[in-house]
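Structure, as structure tokens:
What follows is calculated from the coordinates using simple rules that are stated; it is not laboratory data. Just so we're clear, the structure is a prediction, and the values are computed from it rather than from any experiment. Backbone-built Cβ (ideal geometry, glycine too); neighbour counts: all protein chains shown.
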């Protein structure tokens, strides 16, 4: 009934100010996003029920789903709906980071952020519900422990657990239906598109079937971009028919070239397997690689130079990060107990309370 998600309906962002571009938001409360509409397209953290990992409450718990109920550390379903509606009225499109490759990881059980009971060891997630029959296990995953061991084997990459996270069997009709229902629940409240986490670990054919069941948004098909790391046995081109693909090589190239303007002319190498401009989703840093040595806010001069170049350079669809200060890899967003701190705005327009707000 529905075709693939659209790319051509959205122009490439070039030569725009930081405040006018698209930004990715790391763990802010929904009420804060509703109040700070300084970019016209915003990607929000996963809004569904997730693991509650006490006592640390690391940022990564948002990427360990427990159900598709719309209650998360960022707020309730009602608060999410209010934020999306207010942003939509202000002309701001909301894109949702969706985690559909897996559920919470082996070793965890208990109650999620919306109160649903789960036991990842038994592959039981009552809030969906999913059972052991809905996951890739021995027989589809070639390894006895169900984890990825060989990143040069397509079956390992797509049919086994990524970092212990329980891998969903998306060839199964029940799983496809539940994922499509989740995405449609977000479309129904007004979101305009999706970032697809860990897309490289899912079969493109399965995703295409799911995409075909997602309803239109205002103006046509939802916008989508997929997290596909460069290199390895799986080329990003396998996902071109599904949406934009994240171009991590671009960020690495800009990081190396930012102190030499002559080198900036050669940051794109299609012969390296980089995506063509009409497929590339580009950024300097994101929530993963800013914790793994990538250029980020901690080097402000180089970082601002790299972001400015990215927004002006005629390659791909550009995104600016909006995050918080951290000193440890697992460090959660600024908080008092389990409550995420408000974003305060200083007199000079910068943010306080531990928030960086790179987009401002």
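Here are the numbers for this structure:
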quantity: Region 35-99 - percent relative contact order, Cα under 8 Å, separation 6 or more; calculated: 46 percent
quantity: Alpha carbon convex hull of region 150-220, volume per residue in cubic angstrom; calculated: 98 Å³
quantity: Burial ordering of 335, 102, 149, fewest other beta-carbon atoms within 10 Å first; calculated: 149, 335, 102
quantity: Which of 345, 233, 148 has the fewest Cβ neighbours within 10 Å, and the rest in rising order; calculated: 233, 345, 148
quantity: Rounded if a/c under 1.5, otherwise prolate or oblate - region 86-223, Cα gyration tensor axes; calculated: prolate
quantity: Fewest-first sequence of 71, 246, 327 by Cβ atoms within 10 Å of each Cβ; calculated: 327, 71, 246
quantity: Global form of region 125-171, assessed from the alpha-carbon gyration tensor, a/c cut-off 1.5; calculated: prolate
quantity: Evaluated at q = 0.14, 0.22 Å⁻¹: base-10 log I(q)/I(0), Debye formula over Cα of region 85-141; calculated: -0.53, -0.86
quantity: Ellipsoid equivalent to region 220-274 - semi-axes via the Cα gyration tensor, in Å; calculated: 25, 14, 9
quantity: Rg/Rh for region 169-315, where both radii come from Cα atoms and Rh is the Kirkwood radius; calculated: 1.02
